[in-house]
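To start, the structure under review is shown below, and the notes come after it.
The values are calculated or read from the model by the stated rules, or taken from the named source; none is laboratory data. Predicted model, so just to flag it, every value in this text is computed and none were measured. FYI the Cβ positions are ideal-geometry reconstructions off the backbone, even for glycines, and counts take in every protein chain you see. Calculation scope for accessible area: heavy atoms of the full protein, side chains included, ligands and nucleic acids excluded. Shrake-Rupley method; radii C 1.70, N 1.55, O 1.52, S 1.80 Å.
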Amino acid sequence: MSLPQPHTNADDGFVPEYTFPDWYTRNAAQRADATPPVAWHSVDNPALDLTTRCRTCAAAEVASVTVRSHQGLLVLMRWQAIDGPFCRPCGVTLVRKLTVRTLCLGWWNPLSLLIYAPVALVSNAAAFRRLRRLPPSVPLPGRPQADPGAPVLRRPQAYVALIPLAAAIWLLAAALASVS
């Protein structure tokens with residue numbers, strides 16, 4: 001027994017057409033300009049240039065920043081950099097998240113303690129200053145903005161950085177005491 005085969009003839013005369021509803025054609029005739037209306041979600045909408053909008057919520061008021069995170073593992077190190085245009089709330093959310101991650105996990109390698117984690121924190125501080133200067137933004141419909149949440153120093157994970165810093169100060173003090 002064989003299964004029926006689907007009809008695959010391309011010349012069957014079907015032509016996809018769409019006729020506009022009456023209310024649309026009546027309102028379109030009243031427009032002053034002759035340009036056809038373009039929906040905000042249309043691919044051909046020149047006003048919706050997503051390269052100059054926020055990566056998260058597609059708001060128009062953006063700054064192009066790079067936000068960094070550094071993790072200093074005992075022997076290895078791991079970097080994360082997220083760049084792109086961000087609006088004020090979405091960018092501040094990302095800066096706070098990656099700064100807390102750096103404060104918590106960025107100090108556990110000697111080079112990280114001295115060089116790389118401070119570089120990531122200074123870079124994030126510069127990005128934060130650029131983002132704070134932006135005006136309030138309005139996201140596109142259906143694209144929610146990120147909630148910035150609590151500031152960095154009100155998050156408990158940020159205080160994990162005190163452990164390796166205290167250990168480094170103690171080792172430095174012990175080394176200086178043994179030299180003199």
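For segment 46-180, the Cβ-based charge dipole about the Cα centre amounts to some 240 debye (Lys, Arg positive; Asp, Glu negative; other atoms uncharged). Here the extension length gained between Val75 and Arg132 equals 16.9 nm, from 0.36 nm per residue of separation less the Cα-Cα distance.
Between Thr19 and Val179, the contour length at 0.36 nm per residue exceeds the alpha carbon distance by 48.7 nm. Overall shape: prolate for segment 97-180, with the ratio a/c of the largest to smallest alpha carbon gyration tensor axis at 1.5 or above and a/b above b/c.
Trp108 sits with roughly 100 Å² accessible to a 1.4 Å probe, with DNA, RNA and ligands left out of the calculation. The spacing between segment 148-180 and segment 75-111, judged by their C-alpha centroids, is 18 Å. The listed residues Phe128, Phe20, Phe86 rank as Phe20, Phe128, Phe86 when sorted by accessible area, largest first, using a 1.4 Å probe.
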